[in-house]
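Structure, as structure tokens:
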Amino acid sequence: MKRSTFLLALPSLVLIALFAAVILAFARTSLLHLQPGTAVISGPMSLDNYTRIFNSSGAWRAVLTTLRLSAIITLITVFAGYPLARILALTPSQTLRRVIMFCLIATFLSGGVTRAYAWMIILGHRGIINMALGFAGIAPLRMLNNEFAVIVAVVNFTLPFFVLTLFGALKTIPRDLEDAARNLGASRWRSFVTVTLPLSVPGLVVSTSLCFAMTLGAFLFPQLLGGGRVHVLATEIYERIQASYDIPAASALAVIFFFIVLLILVMINIIQKLTRKIQNGRNA
């Protein structure tokens with residue numbers, strides 16, 4: 001490796017090394033145990049924490065809830081974000097593009113806690129929506145302290161990341177290709193399905209992977225908007241530390257969480273490679 005290349009790659013290598021060190025520290029701590037009635041963590045090292053987690057129905061429910069909500073949120077984000085990213089990439093109106101970009105970027109200017117409390121005001125029993133329903137003579141809806149509130153808030157959080165990531169990929173697709181398909185007799189929908197959508201798959205996979213990974217690790221919104229009724233892995237780890245200061249058990253959950261995310265990302269990467277092979281085969 002050339003010296004200049006090594007110097008350019010050095011910051012990334014340092015970050016990877018720090019990330020690996022954190023994971024190894026979690027893995028080591030997960031093999032220890034908490035002495036009963038104290039806050040002392042000691043050996044000997046064993047797999048007892050993992051055994052208790054695998055035998056815990058609550059931990060498995062948290063895993064399944066995390067995966068289920070992440071899948072639902074990701075699907076909603078894809079169906080809501082793809083058209084928005086496509087409008088950004090294709091609209092000739094600079095004003096419309098600036099308005100959409102401002103609305104997306106404005107969400108980054110407010111912290112997660114601010115957005116969480118804003119959604120609590122909007123979705124609460126006496127929130128804006130229920131007040132409007134009351135004026136219309138409709139009984140108030142229960143939209144807070146449940147999975148619905150968590151889904152709405154997390155979609156609001158992940159949508160800008162998805163749209164801005166996919167926008168960059170859609171912008172690189174030549175518009176002439178879709179115009180050529182329409183000139184050859186294809187409808188607008190058929191030209192999109194057969195030309196634009198396949199070409200956007202790599203960018204779609206990247207933006208979807210980013211959205212899914214962010215959703216898997218969401219903690220603030222399930223904690224505040226779930227009202228203690230929505231148990232995901234992030235909140236389960238938090239509760240094990242706050243309730244009993246059982247850091248080894250929380251570390252074991254974090255390690256399991258890491259490998260679940262890693263496995264899912266590997267599967268997504270395999271799907272992406274298979275998609276590229278299929279596209280190359282069609283082009284050949």
Neighbour net charge for LEU75 - beta-carbon separation under 15 angstrom, K R +1, D E -1: 0
Helical contribution to [θ] at 222 nm, DSSP H n ≥ 4, -39,500 (n - 2.57), averaged over the chain, rounded to 500: -24500 deg cm²/dmol
Cα-derived Rg to Rh of the stretch 155-284, Kirkwood definition: 1.15
Of the DSSP H helices in the chain, those whose Cα atoms cover at least 15 Å axially and whose Kyte score averages 1.0 or more: 3-30, 57-90, 94-106, 112-123, 147-171, 201-216, 247-283
Charge dipole of the chain about the Cα centre (unit charges at C-beta), most positive-ward option of ALA21, PRO36, TRP60: ALA21
Shape category assigned to the stretch 1-107 from the gyration tensor of Cα positions, a/c cut at 1.5: oblate
Whole-Hz ³J(HN,Hα) from phi, Karplus 6.51 cos²θ - 1.76 cosθ + 1.60, for the stretch 137-146, glycine and proline x: x, 9, 5, x, 9, 8, 10, 10, 6, 7
The chain - accessible surface per residue (Å², probe 1.4 Å): 59 Å²
Solvent-accessible ranking of ASP48, ASP246, ASP176, largest area first, probe 1.4 Å: ASP176, ASP48, ASP246
Gaussian network model of the chain, springs between alpha carbon atoms under 10 Å - residue of THR235, THR29, THR114 with greatest fluctuation: THR114
Dipole moment magnitude, nearest 20 debye, the chain about Cα centre, only Lys, Arg, Asp, Glu C-beta charged: 800 debye
Where the Cα pairs of the chain fall when distances are cut into 10 Å bins, in %: 6, 20, 26, 24, 16, 6, 1, 0
10 °C / 1.306 mPa s Stokes-Einstein diffusion coefficient of the stretch 95-243, Kirkwood radius on C-alpha pairs, µm²/s: 87 µm²/s
Computed over the stretch 1-90: relative contact order in percent, which uses C-alpha pairs under 8 Å that are six or more apart: 13 percent
Accessible-area ranking of LEU104, LEU141, LEU84, LEU47, largest first, probe 1.4 Å: LEU47, LEU141, LEU84, LEU104
For the stretch 100-182: span of alpha carbons on each principal axis (Å, largest first): 53, 31, 23
Net charge over other residues, Cβ less than 12 angstrom from the Cβ of ARG182 (K, R count +1; D, E count -1): 0
Percent accessible area from carbon and sulfur atoms, the chain, protein chains only, probe 1.4 Å: 70 percent
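The values are calculated or read from the model by the stated rules, or taken from the named source; none is laboratory data. From a predicted model like this one, the values you see are computed outputs, not experimental measurements. As a convention, Cβ positions derive from the backbone with ideal geometry for all residues, glycine included, and neighbour counts pool all protein chains shown. The accessibility values were calculated without ligands, DNA or RNA, using every heavy atom of the protein model including side chains. Shrake-Rupley method; radii C 1.70, N 1.55, O 1.52, S 1.80 Å.
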